[in-house]
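The structure under discussion appears below in the form of structure tokens.
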Amino acid sequence: MKKIISLVFVSSLLLGACGSADATSTAGTAVTPVATHTPRPVLTTEAASSIKVQPEALNGLEINVWTPWYDVEAGLFDTLVKEFNGKNEWGIQVKVQHQVNFTNLYDATTNSLPNSERPDMVIALPEHALEWNENRLVTDLTPYVQDPVYGMDARDIPFVFWNQDEVANVRVAVPAQRTARFLLWNETWAGELGFDASPAAPDDFKQQACRAQQSMLKDEAPQNDSTGGWYVDTEPMTAYAWLLAFEGGVLEGNGYHFLTPNNIESFKFLRELSEQTCAWQSAQVDAITAFTSRQALFITASLQDLPAVARAFAAAKSRDDWKVIAFPGANDDALVVYGSSYVVLDSTDEEELASWLFIRWLLENEQDARFVEATHLFPLRTSTLELLGDYKKTHPQWAEAVDLLPKGELQPQLASWRKVKIMLGDGFDHMYRVNVSSGQVAAILAQMESLSRDISE
């Protein structure tokens, strides 16, 4: 076994995991789409805030906000900041600085924390907030959410969004954006292959993928004989979703546990797909092209990828219908939900309240809907769907994705997930790059378990 997992592999995983090339990036049980929260107290004329800040102290107060965004998201956020600055009743002024990506944001914020020049609020990943919270540098937003004057009713924010940022009764953040990874399935082609429904279990997925591959043997082009099934994707959230689909996972108590029977079964199933040429990869053709040209019955994509897939089908003049589905499990399908959150860093009472009021405004339905239309991600509030009727009609696959939210699960609520998820993706990718056999996947999982413990200490 030791020959399979080389020292080079071990070193590369450690180096990759200790980096911070984070994507907008779950161990929980299936949840209902709407959270059950403690409702905000009904406001009355006698209601008094528990936050001891006089409203006039906010007038002209400037708060600094750092984001990981660029291009469309940065442009929209700049517009929203301008609107908020111009019309908010308290006279709060927001200054924004875009850090381009989550890696730069994390590094810049972490480096600023010992200094007085740190931002008041950042849009960061939940695991980043947890790490900063361990150093007592994050404001618990629970009192703000529940305040009778300045609070908000979060009952229509889905559980899988809202509860990600609450640990041990401390609200380290609130959701800013949420996405997920899905399987995309060519319904028209599957129908021609004899299937009238999307896969309901792993064996169904295998049968459809293998039949698609077998159909490629019937033409006169030998170069496509190994295509047709699932176009392999080694993103960390894809690997994690497959583990969950087999009722596996990565957590045990407050630590990590990769080497389990269900995880072995999951990775063995995926490697057998490749060994039987029912799953494939290529450096010559990308996943979306393979999907639109019927070289792949299944591909994996994130929510924000769906418009590009739709444009590719239109460009190819394909009339095929395609669907968004979760990762099929034997008993329940799996869906990995992840994304960024609004984090308020420890500051003065006035600056913390001003940051919260800006966040509360951003979470209102009108702003939420504008984020959806610009980014194509999930609406954070169920009630926002009332403003998105036209968008749903023109983006049917997005609507299918929203309908799958009840299957969503939480990510591990550990600061170390920042590193461990990268290690998971690296190990999953290594399994395909060196063509590890299905009988040897336990060695990969054992190495993942060892490394996860090392990098989470």
Is there any pair linking a residue in segment 332-356 that is within 30 Å of A57 (Cα to Cα) to one that is part of a helix (DSSP H, G or I) and charged (D, E, K, R), with Cβ under 7 Å and at least six apart or on different chains, and which?
S341/D165; V344/E352
Need a quick list: helices (runs of 4 or more DSSP H) entirely within segment 152-239 having at least 2 residues that are outside the structural domain of I325 (by TED's automatic domain parsing) and surrounded by 20 or more Cβ atoms within 10 Å (Cβ to Cβ).
159-162
Elements of type helices (runs of 4 or more DSSP H) in segment 360-457, at least 2 residues being farther than 30 Å from L141 by Cα
389-394, 396-403, 417-433, 441-455
Reported set for segment 347-358 where residues are in contact with a helix residue (DSSP H, G or I) (Cβ under 8 Å, 6 or more places away or on another chain) and part of a loop (DSSP other than H, G, I, E, B) is S347
Pairs, first assigned to a helix (DSSP H, G or I) in segment 80-109, second aromatic (F, W, Y), C-beta under 8 Å, six or more apart
F84/F358; F84/W361; L105/W66; A108/W66; T109/W66; T109/W132
Any pair with Cβ under 8 angstrom, 6 or more apart, that starts in segment 266-292 at a residue that is buried (at least 16 other Cβ atoms within 10 Å of the Cβ) and ends at one that is aromatic (F, W, Y) and assigned to a loop (DSSP other than H, G, I, E, B)
S266/F246; F269/F246
Filter segment 45-79 for residues that are in contact with a helix residue (DSSP H, G or I) (Cβ under 7 Å, 6 or more places away or on another chain) and not in a loop (DSSP other than H, G, I, E, B); which is farthest from E117 (Cα to Cα)?
V72
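The values are calculated or read from the model by the stated rules, or taken from the named source; none is laboratory data. As the structure is a prediction and not an experimental result, all values here were calculated from the model. Because the Cβ atoms are built from the backbone with ideal geometry, glycine has one as well, and the counts that use them run over all protein chains shown.
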